[in-house]
Amino acid sequence: MTCTGDAPMKTATKVAEAAEMIPEGAVLLIGGFMAVGTPERMIDALVARGVGGFTIVANDTAMPGHGIGKLVSAGLVAKAVVSHIGLNPETQQKMISGEMEVDLVPQGTLVERIRAGGVGLGGVLTATGVGTPVEEGKQTVEIDGKTYLLEKPIRGDYALIAARQADYKGNLEYALTAHNFNPIMALAGATVIAEPHVIVPVGAIPPDAVKTPGVLVDHLLERGQ
Amino acid sequence: MNAKEIIARRVALEISDGMLVNLGIGLPSMVANYLPDDVDVFFQAENGVIGLGARPPEGMEDPDLTDAGGGFVTAVPGAASIDSAMSFGLIRGGHLDMTVLGGLQVDARGYLANWMVPGKMVPGMGGAMDLVAGANRVIVAMVHSAKGAPKIVPECTLPLTAARRIDLIVTEMAVIEPTDAGLVLREVGPGVTVEQVRSATAADLIVESDVSEMPVP
């Protein structure tokens, strides 16, 4: 047996073509924290296309005019599963008017539910939320005298990932606080679309610096203009 | 000195060398300004950095380096950038020595409510529930009353952040420690009397003989 290391090279996908793949009503995992580390070109393309009814799973809905806030403003979000909407008054208005459903999840629980979905676990046991409204309707489990909530896994139809750079094989490296949910979501989308700032030759990202192996990435967006 | 500065200066005294500390948005974040020079700590921002530094010079901000409020920051020497799973693993896993958070209400049990006012304000809990459930020490830094209404109450009427007794309440009027026996008044604010604290507090306070005036360096 020979090992040539010939993993397939990705082709660069045009952002409008990537947006076309996503059907109405899809569940989208979108990286970012207050629009830092959010795939902005992908979001702009979704807004331009105008197909919506999405369920968004993300840390937050950012601010109007930024990141996921643009999807909210365009009326493309039917439901948001997020930890925080405090900086987006539009999300709050749409939640109160019933135009959007909002499921608030503690941030650490949200990321672990997505991780569970991505790594084949049936759920997460966490003490976060015990004795609060988060507990309502959930099974509690006692382990060694401590009470935990059973939190179920989350998967998405698509994971939309922002990265500092990718190589031709789709290996991803992230920047500073733009990691946030991205490396975890890259495990939990049935189809993973990565939007790097730049694309570099294979080898330019050392193996130790790769946070998301290219085998997880289905589509690599072409570089920005 | 205004109320928030008194609170921030007093909370800073709770932080000791070598700690990993998470400061909430707003008043708690002011605490970093009053750390003594000889206290060397790492601040965590739960969006993904250990070793949060000051705001960078104008025009030198990095859009990929912010704090949990979305403000531009720097990273100190020795800093590490982490993803959200690692960040909250540190918080829940007993690796975070202290968090300082704001509060809407704290009750006689030492339970905190700080994430929503039903029908009025629903920002979401963000990382607050994980921080209160998981940090080794939780300090609530808040002004003593909200427009004259006491925030330290017999039982929280707002939804709880966690069913965990927090460790210390610091206001401009008092330092109060929740204990098995109830809320113990440890210190009074500069120029504040025990009676003034009692009348501004809806919950019962246990007053022992050694109530001192709050040091505000």
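Just so it is clear, none of the values below were taken in a lab; they were calculated from the coordinates. Just so it is clear, the model here is predicted, and its values are computed rather than measured. All Cβ positions, even for glycine, are placed from backbone atoms using ideal geometry, and neighbour counts span all protein chains on display.
Brief remarks on what is shown
- Of interest is the spacing of the C-alpha centroids, which for region B:75-91 and region A:16-47 amounts to 26 Å.
- Beta bridges per DSSP with both ends in the protein assembly as shown, % antiparallel, nearest 5: 40 percent
- Note: relative contact order over region B:3-213, using C-alpha pairs below 8 Å and six or more positions apart, is 18 percent.
- A cut-off under 10 angstrom between Cβ atoms defines the neighbours of A:Ala190, and their net charge, with Lys, Arg +1 and Asp, Glu -1, is -1.
- Amide H within-cut-off set for B:Ala162, under 5 Å, with H built and near neighbours excluded: B:Leu112
- Considering only A:Asp167, A:Asp103, A:Asp157, the mean-square fluctuation computed in a Gaussian network model of chain A, springs between alpha carbons under 10 angstrom, is largest for A:Asp103.
- If you count Lys pairs in the protein assembly as shown whose Cα atoms are under 22 Å apart, skipping same-chain pairs closer than 8 places in sequence, the total is 18.
- Contact order relative to length of chain A, as percent, for alpha carbon pairs under 8 angstrom and 6 or more apart: 23 percent
- Stokes-Einstein, applied to the Kirkwood radius of region B:3-213 over Cα pairs at a viscosity of 1.002 mPa s and 20 °C, places its translational diffusion at 121 µm² s⁻¹.
- Inter-chain Cβ neighbour count for B:63-75, averaged per residue, equals 4 (cutoff 10 Å, partner chain atoms only).
- Residues A:Ile161, A:Ile143, B:Ile91, A:Ile154, sorted so that the one with the fewest Cβ neighbours within 10 Å comes first: A:Ile143, A:Ile154, B:Ile91, A:Ile161
- The GluC sites (Glu not before Pro) of region B:35-64 that meet both conditions, a loop assignment by DSSP and at most 12 other Cβ atoms within 10 Å of the site Cβ, are B:Glu58.
- For region A:174-225 versus region B:149-206, the spacing of their alpha-carbon centroids is 48 Å.
- Test item: A:27-33 mean partner chain Cβ contacts at 10 Å: 2
- Residues B:Ser87, B:Ser209, A:Ser97, sorted so that the one with the fewest Cβ neighbours within 10 Å comes first: B:Ser209, A:Ser97, B:Ser87
- Fewest-first ranking of A:His219, A:His197, using other Cβ atoms within 10 Å as the exposure measure: A:His197, A:His219
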